[in-house]
Amino acid sequence: MTGSRRGETAMAAGDWDRFRQDVVTRPIHGWARGALPSLSATEREALEAGQTWWDADLLSGDPDWNKLLAVAKPRLSDAERDFLDGPCETLCGMLDDWRINRLDGDLPPEVWQYMKDEKFFGLIIPKSRGGLEFSAFAHSEVVRYIAGRSLVAAITVMVPNSLGPGELLLQFGTEAQKDYWLPRLADGREIPAFALTSEEAGSDAASMVDSGVVCKGEWEGEEVLGIRLNWSKRYITLAPVCTVLGLAFKLYDPDGLIGEEEEIGITCALVPTHLDGVETGRRHIPSQIMFQNGPTTGRDVFIPLDNIIGGRECAGHGWMMLMSALAAGRGISLPSMSSAGVALAAHTSGAYARIRQQFGTPIGKMEGIQARLGPLAANAYALDSARRLTCAGLDEGRALAVISGIMKAHSTYRMREALDDAMDIHSGKAVIDGPSNYLLPLHRGVPLGITVEGANIVTRNLIIFGQGAIRAHPHMLDEMLALEERSDRLSLARFDEHFWKHVSHTTRTLIRATEHAWTDGRYAQVPDCGRATPIYRQMTRWSAALALTSEAVFLFLGGGLKRKEMISARMGDMLSELYFLSATVKRWEDDGRPEADFPLVQFSAERAFAQIRVALDEVLANFPNRWAAAVLRVLLRPGRPARGPDDALVKECSDVLYTPSQTRDRLVGRMFGGCERDGIRVLGEAFERVVATERTTAKLRALGMTPDEAVRAGVLSRDESDDHGRMMAAVQRAIAVDDFSQEELAGLLAGYRNAAPDGGARQGVPDES
Ligand SMILES: Cc1cc2nc3c(=O)[nH]c(=O)nc-3n(C[C@H](O)[C@H](O)[C@H](O)COP(=O)(O)OP(=O)(O)OC[C@H]3O[C@@H](n4cnc5c(N)ncnc54)[C@H](O)[C@@H]3O)c2cc1C
């Protein structure tokens, strides 16, 4: 092409661009400015903190399964395994949750000391700073193992290793701060707490009134520039015993001492609790799980500017820091605790269903019980698979903003579901409190998981899809940022660039989603994964449906999505189901496709697809634009109505918990076996004996004889009869519940009466007198 021809073509292209921008894009740009959500500063910081990963593939409508399968299976190093087998095992042996929750109200001093000595508070701190530098997976395994034994101990370990100042310092601290604080946090010389929530600011944490004012003051004998702090926080885990608070507050600089801005914004700083004006020590009683949790206040507490995490430059960046730090904690702490709870519920319910007989039959043989055991087994498998995949993502160095939200909300919801199943299966045995009840403390702990680190309703209804879809979309955030440009011309040019790519993306999504829906995913390109291959095809089908529906949600709801929380929640549920299911098939692949585990995979798939169908139906039934809903229904929902796993599959999964096997062991995972007279150990022994003497039991039933009669008749050996007797005694011990004398009960209640004769104080409530 000659120079002039090329110039003409370039001009023609430039003219066309201008024409398209001015005539076609401009009205759409004007409409979009009104329709798409405008971002507040905190929303923008939340959206910019953290990364997308597998969530983006699932929302794309065309997930690259090879990418998922290439993620390394999480493994423990020798040192990490030794830690689990050594200090973790020892710690669990030192814990007695009944004593801690009902009698002592705290971990015993020797447990605190052991945790410090063995660096349980330094799991995430690098070795170079005195910590253990464990992988996310090892960290999760440690929390999971301890949580299966004691929630108090697990939560005590969780906080310093997640949201405590440790994570914030690691991500944002200055070198001097890291040098000073990390070694002291690692070996427990300092006990941290993280204080964000206040009376008026719970879910809307950014609305806090806790303040810091830049001023001069005295610090270690010298006059320095610093901050005068006032705060009143509540619900703060470890606050009653902490030596350093990671405090979030709003920073003001009315005298312009550090810059021109008067309102600098949310800031995080380290506040040693020995300073004048700091009050800690009072305690809340969260669900009668007696970990250290309480309010803290500060009146005119002075700290130097150097105590701002990250130094002076990080003043006002607290919200972004909190959002980034949340990603790791949310992805590990509560999912690990939930996984422990679900595994324990599954293990004990299966064992109890085997040893407990009614109407002359083990209750586990009854369909009503199987209907609860089956889902419990699959739930345990799927939840642990999702935990593993999330840890693998974190170990690749990713800050998983949306996935950690999915994990936080759905692992704790699944824990609630599992513990409800377990409680129903155990009935009276689980309801009666006492040292031998292995379920009730976990059941009491469920609301803790659902509330902390951002209450689940907000996470499910606002964050998972609300943020996830925008973050993961290849063009949406760019379009929104373009719309926020102050200069009209620049805004239009940038919007035009991304909008047309968006149109082409939507067109491809529409064709893909329709094709997969009408062919039931039969032609979806997926890797050969043996029996699981059809599940991958179906996942691609529903991922495409999710992607197309997301486009419709953006188009018809725009900024209104924030208020349409029920639609947002259901869209988030579709994404969350796909995430849990992809983690489940990935685990099956990582484990070498064990045939015996496949019913659990199949159940998880049937459950997920049924939930997705229901969620999509409900989105369409409530979609504000009825024409769009009708078109989407035709495109996306041909075929059968939602239907979950069938009864035969439920029974197969129930059998996994009813009968010892490698599949059962894999599903339960590492679990502390209990100390000598613990309910869980007594149950385990009874389970083993019932299984071992099954033939004897069947023989006696068929003969209609007692063991003694059978021995006398010569059809049973004395050894067999003795084993049977030991089994019966073990079952008696396992089904027993605790009771208390009047005096013992009075002793238990006296503790509370003495501590709070007038019902305790209420923070922030003025004294009526
Ligand atoms: C045991 C425990 C330990 C904790 N530990 C700490 C800690 O160490 N540090 C710390 O800073 N904080 C901590 N918290 C605070 C915790 O993060 C908050 O409790 C949580 O963020 C919810 O705040 P809230 O309880 O005030 O509920 P609220 O904000 O009053 O919410 C009440 C209900 O409304 C829902 N809701 C609120 N806004 C919306 C919305 N826009 N749309 C739909 N639903 C909405 C919520 O989901 C919730 O269901 C802890 C809390 C507990 C109970």
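Bear in mind that the values in this text are calculations on the coordinates, not laboratory data. Given the structure is predicted, the values throughout are model-derived calculations rather than measurements. Heads up, the Cβs are rebuilt from the backbone with ideal geometry, glycines too, and the neighbour counts pull from every protein chain shown.
Evaluate the relative contact order of the chain (contact order divided by residue number), counting alpha-carbon pairs under 8 angstrom at least 6 apart; express in whole percent.
16
Among N66, L229, A32, whose Cα sits farthest toward the positive end of the charge dipole of the chain (+1 at Cβ of Lys/Arg, -1 at Cβ of Asp/Glu, about the Cα centre)?
N66
For F465, F609, F121, what's the fewest-to-most ordering of other Cβ within 10 Å of each Cβ? Display every interim value, and only then the final one.
Values: F465 30, F609 22, F121 27.
So the residues, fewest neighbours to most, are F609, F121, F465.
Which of the residue pairs K233/K408; K408/K562; K233/K564; K116/K250 have a Cα-Cα distance greater than 26 Å in the structure shown?
Working: K233/K408 23 Å; K408/K562 20 Å; K233/K564 31 Å; K116/K250 33 Å.
Exceeds cut-off: K233/K564; K116/K250.
Cut-off is 10 Å between beta-carbons; in what order do C529, C242 appear when sorted fewest neighbours first?
C529, C242
Give the distance, in whole Å, between the Cα centre of region 222-284 and the Cα centre of region 550-615.
41
Extension gain A736-Y180, at 0.36 nm per residue separation less the Cα-Cα distance, in nm?
Extra length from A736 to Y180 when fully extended: 194.9 nm.
Hey, with R₀ at 51 Å, roughly what FRET efficiency would A205 and A702 work out to, going by the Cβ-Cβ distance, to 0.05?
0.20
Under a plain spin-label model, where a point goes 7 Å from the Cα along Cα-to-Cβ, how far apart in nm are E743 and F19?
With each label point 7 Å from Cα toward Cβ, the separation is 10.0 nm.
Zone of L69 (label point 7 Å along Cα→Cβ, backbone N under 12 Å): which residues in region 586-625?
Backbone N within reach: 586, 589-590, 593.
If R₀ is 25 angstrom, what is the calculated FRET efficiency for the pair R563 and A630, using the beta carbon separation as r and rounding to 0.05?
Taking R0 as 25 Å, the efficiency between R563 and A630 is 0.60.
For D424 and A621, what does the FRET efficiency come to when R0 = 35 Å and r is the distance between their Cβ atoms, rounded to the nearest 0.05?
0.70
Suppose only helical runs count, i.e. DSSP H with n ≥ 4. What mean residue ellipticity at 222 nm does that imply for the chain under -39500 (n - 2.57) per run, divided by all residues and rounded to the nearest 500 deg cm²/dmol?
The helix-only estimate for the chain comes to -18500 deg cm²/dmol at 222 nm.
Could you give the nm distance between label points at D306 and E484, where each point is 7 Å from its Cα heading toward the beta carbon?
Taking the simple label geometry, D306 and E484 are separated by 3.5 nm.
Compute the distance in nm between two label points, each set 7 Å from the Cα along the Cα-to-Cβ direction, one at L103 and one at T90.
Placing both labels 7 Å along Cα→Cβ, they lie 2.4 nm apart.
Can you put R414, R20, R541, R643 in order of Cβ neighbours within 10 angstrom, beginning with the fewest?
In order of increasing Cβ crowding within 10 Å: R643, R20, R414, R541.
Could you let me know the centre-to-centre spacing of region 360-427 and region 62-138, using Cα atoms, in angstrom?
Comparing the Cα centres of region 360-427 and region 62-138, I get a distance of 21 Å.
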